[in-house]
Amino acid sequence: MLFLRADLAELQAYSTHTYPDLPDSLDRLDANESYYDLPPELKQKLAWFYQQQMATNRYPDAGQGELKQLLAGYVNYSANLNVPIDAAHISLGNGSDELIRSLLMATCLGGNGSIVVAEPTFSMYGILARTLGIPVHRIDRSPQNWEMNLQAAQDVLQRDPTVRVVFVVHPNSPTGNPLTEAEIQWLADIPQSVLVVIDEAYFEYCQHSLVERLDKHPNWLILRTFSKALRLAGHRVGYAIADPELIMALEKMRLPYNLPTMSQAAARLVLQHHDQLINLDEVCTEREYLYQKFQGLPGVQVWPSAANFFYLRCLGDYGAIVQAMARHGTLIRHTGGGLRITIGDRSANQRTLERLALVLKAHS
Ligand SMILES: *Cc1c(COP(=O)(O)O)cnc(C)c1O
């Protein structure tokens with residue numbers, strides 16, 4: 001079709017993999033969501049809101065003020081801030097994916113800039129940049145500990161004055177490592193003409209945030225999401241925390257009704273019950289358990305994780321391994337030249353270990 005941009009021909013639509021003949025009960029450990037649905041009493045509250053309070057014929061709250069207020073409270077509670085943040089430091093997205101796209105549009109669109117990512121990392125930065133025709137610089141990481149190649153990153157910044165954004169994940173997906181002090185120092189030294197996006201999608205499992213240093217760095221922005229520890233992947237809510245001037249730019253890019261009324265209601269509700277929903281103790285116990293067990297699997301290389309998933313490398317065809325795991329009833333993800341497996345509850349994790357041992361024996 002002649003009216004389409006020629007560069008779109010090289011892109012593929014995002015779809016999650018489906019495999020034929022899967023068992024009915026699946027352990028879904030391929031997307032790093034919380035293993036747990038909302039408890040029934042909270043779902044009931046949401047259902048009550050839908051029945052008694054929500055007018056489906058009315059648009060959502062475009063200002064999202066009530067949710068931003070609660071969110072500012074959550075951010076302040078979970079960090080040790082000299083100056084507490086308020087609603088002016090927050091912008092909400094239909095998932096953090098939407099915020100990533102808005103950031104790209106506000107910085108690089110129309111030949112105005114390029115971005116830097118350190119691979120393996122979250123694929124959406126590169127994917128969304130390409131849909132907007134924005135060039136992507138890819139630097140590597142050390143395969144020992146997955147630290148970024150800071151020399152290569154520095155070289156890119158020096159060589160290409162069009163770089164407008166550096167994206168990092170803390171802790172990184174799929175490799176699970178948090179930023180080191182050296183990496184944080186490098187981010188702190190990046191010139192003010194470059195935006196630094198620190199994606200803290202797994203913050204609740206790591207309990208270390210850079211939000212405390214935001215006031216010193218007006219060119220930093222923290223991304224977070226309700227899709228992981230807060231159990232709301234189905235409602236698509238993400239948020240950005242940054243200097244109010246930068247937040248204002250995001251608000252200009254935002255579609256007025258980007259967050260449906262039920263998503264706003266669900267997000268407000270989980271913020272009022274976050275202590276009960278974030279199962280940090282269980283994830284830490286299971287993380288320790290799985291790490292020991294993965295290390296005992298012959299031919300498997302595994303790295304420590306500060307998040308709710310593990311990154312593994314092994315011999316054999318990863319595509320075939322992922323398919324065989326699915327046929328046994330465990331969905332895992334082939335990404336970044338390895339396998340990424342979400343931490344489940346004890347019995348799901350035991351099944352992961354048994355099935356992986358079987359599959360690896362057959363595929364290596
Ligand atoms: C899962 C994840 C997100 C969440 O994206 P949403 O659009 O909010 O669901 C963002 N960043 C990273 C690195 C992730 O792994």
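Kindly provide the set of residues from the stretch 163-213 that are more than 17 Å from the chain's Cα centre (by Cα) and polar (S, T, N, Q), ordered by number.
Answer for the stretch 163-213, where residues must be more than 17 Å from the chain's Cα centre (by Cα) and polar (S, T, N, Q): 180, 185, 192, 193.
If residue 85 satisfies all but one of (1) over 30 Å from residue 151 (Cα atoms); (2) surrounded by fewer than 19 Cβ atoms within 10 Å (Cβ to Cβ); (3) at pLDDT 95 or above; (4) away from the ligand (no atom under 16 Å from the Cβ), what's the number of the condition it fails?
(2)
Collect the residues in the stretch 144-187 that are assigned to a strand (DSSP E or B) and among the aliphatic types (A, V, I, L, M), keeping them in residue-number order.
Matches in the stretch 144-187: 148, 163, 165, 166, 168, 169.
Given the options 52, 69, name the one that is free of Cβ contacts under 8 Å to residues at least 24 places away in the same chain and loosely packed, with under 14 Cβ neighbours inside 10 Å.
Matching residue, one of 52, 69: 52.
Count, please, the residues in the stretch 211-229 that happen to be touching a strand residue (DSSP E or B) at 6+ places or on another chain (Cβ under 9 Å) and either farther than 26 Å from residue 185 by Cβ or within 12 Å of the ligand (Cβ to nearest atom) (or both).
Selection size over the stretch 211-229: 6.
Could we say that residue 326 is closer than 24 Å to residue 22 by Cα, in contact with a His (Cβ under 9 Å, 6 or more places away or on another chain) and among the aliphatic types (A, V, I, L, M) here?
yes
Of all residues in the stretch 88-126, how many are without any contact (Cβ under 8 Å) to a residue 40 or more places away in the chain and either within 11 Å of the ligand (Cβ to nearest atom) or more than 29 Å from residue 31 (Cβ to Cβ) (or both)?
Selection size over the stretch 88-126: 4.
Go through the residues of the stretch 221-232 one by one and say whether even a single one is under 21 Å from residue 33 (Cβ atoms), at pLDDT below 95 and in a loop (DSSP other than H, G, I, E, B).
No, the conditions are met nowhere in the stretch 221-232.
The values are calculated or read from the model by the stated rules, or taken from the named source; none is laboratory data. All values derive from a computational prediction rather than experimental measurement. Neighbour counts are summed over all protein chains in view; Cβ atoms, including those assigned to glycine, are modelled from backbone coordinates with ideal geometry.
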